[in-house]
Amino acid sequence: MDLEKLEARAKVSEMAAKLTWLKPYEASCYMNIGESTLWRLIADGTIPSCKDNGNVRILRSDIDAYWSNRRRSALA
């Protein structure tokens with residue numbers, strides 16, 4: 001990935017940190033993972049999502065809980 005794309009993702013991530021509901025691209029930037037990985041986590045139910053008029057949205061607090069649970073399991 002080139003520097004411009006990394007900078008763009010960083011800006012989206014900063015903005016996403018202030019939002020309650022995230023679009024999939026915003027969520028993947030916030031999590032610093034690829035969109036395909038995010039879609040896999042959504043598909044297998046690891047990260048909950050909902051549809052609003054056909055658009056997928058993810059609660060930022062659910063993402064934070066996901067990372068918190070991963071951290072706890074890594075320390076156990």
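Miscellaneous remarks
For (1) in contact with a strand residue (DSSP E or B) (Cβ under 9 Å, 6 or more places away or on another chain); (2) assigned to a strand (DSSP E or B); (3) among the hydroxyl-bearing types (Ser, Thr, Tyr), each residue gets a yes or a no:
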| site | (1), (2), (3) |
| --- | --- |
| Leu19 | no, no, no |
| Glu26 | yes, no, no |
| Ile33 | no, no, no |
| Thr37 | no, no, yes |
| Arg40 | no, no, no |
| Thr46 | no, no, yes |
| Asp64 | no, no, no |
| Arg71 | no, no, no |
| Ala74 | no, no, no |
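- Candidate set from segment 33-74 (those that are over 20 Å from Ala17 (Cβ atoms) and polar (S, T, N, Q)); member that is surrounded by the most Cβ atoms within 10 Å (Cβ to Cβ): Thr46
- For Ala16: the one exception among (1) open to solvent by 50 Å² or more (accessible area, probe 1.4 Å); (2) in contact with an Asp or Glu (Cβ under 7 Å, 6 or more places away or on another chain): (1)
- Candidates are the residues of segment 19-32 that are among the hydrophobic types (A, V, I, L, M, F, W, C) and open to solvent by 30 Å² or more (accessible area, probe 1.4 Å); the one that is modelled with the lowest pLDDT is Leu19.
The values are calculated or read from the model by the stated rules, or taken from the named source; none is laboratory data. Predicted model, so just to flag it, every value in this text is computed and none were measured. Quick reminder, even Gly has a Cβ in these numbers, built from the backbone with ideal geometry, and neighbours come from all protein chains shown. Only protein heavy atoms, including side chains, enter the accessible area calculation; ligands, DNA and RNA are left aside. Shrake-Rupley method; radii C 1.70, N 1.55, O 1.52, S 1.80 Å.
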